[in-house]
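Heads up, the thing below is written out as structure tokens.
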Amino acid sequence: MLRASARTLAAGIFVALLVACGSSTTSPNTPPGTVTAESSLKFSPSSVTVTRSGGTATVTWVFQSVAHTVTWDTQPSGGAVADIPATSGASVARDFTVVGPYTYHCSIHPFMTGMVIVQ
């Protein structure tokens, strides 16, 4: 009886550890380099780091049902990434070729801010 209880307890702890290790603040189905412009008026994640592979790094913004923009505040010297106009219910990608930090905000909701870090 004691052995069965110990096994049950061990199995429970193992499952709890697996669940805890697998938890994340982002969706497990969200590809790297993806930012969601949420209906709750925030960019998630607010900062994303991408690595140039073959000279280019791509970030995709997924716009939920509320219209948002991506308006660049700063780009590294030589960066020339175009703003994203008011968009909702769609995804828009931008390619980055210059290493450094890029900061942005939503011009419709200026308190929504984000950063792309290209390595």
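Things worth noting here:
Residue by residue, here is whether (1) hydroxyl-bearing (Ser, Thr, Tyr); (2) in contact with an Asp or Glu (Cβ under 9 Å, 6 or more places away or on another chain) holds:
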{"site": "45", "(1), (2)": "no, no"}
{"site": "54", "(1), (2)": "no, no"}
{"site": "58", "(1), (2)": "yes, yes"}
{"site": "65", "(1), (2)": "yes, no"}
{"site": "71", "(1), (2)": "yes, yes"}
{"site": "82", "(1), (2)": "no, no"}
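- Considering each residue of region 3-18 in turn, at least one proves to be modelled with pLDDT under 95, charged (D, E, K, R) and open to solvent by 80 Å² or more (accessible area, probe 1.4 Å).
- Elements of type strands (runs of 3 or more DSSP E) contained in region 25-119, each with 1 or more residues being acidic (Asp, Glu) and surrounded by fewer than 17 Cβ atoms within 10 Å (Cβ to Cβ): 68-74, 90-96
The values are calculated or read from the model by the stated rules, or taken from the named source; none is laboratory data. This one's a predicted model, so the numbers in the text were calculated from it and none came from an experiment. Positions of Cβ are generated from backbone atoms using ideal geometry, with glycine treated the same way; all protein chains shown enter the neighbour counts. Areas reflect the complete protein model, heavy atoms only, side chains present, ligands, DNA and RNA absent. Shrake-Rupley method; radii C 1.70, N 1.55, O 1.52, S 1.80 Å.
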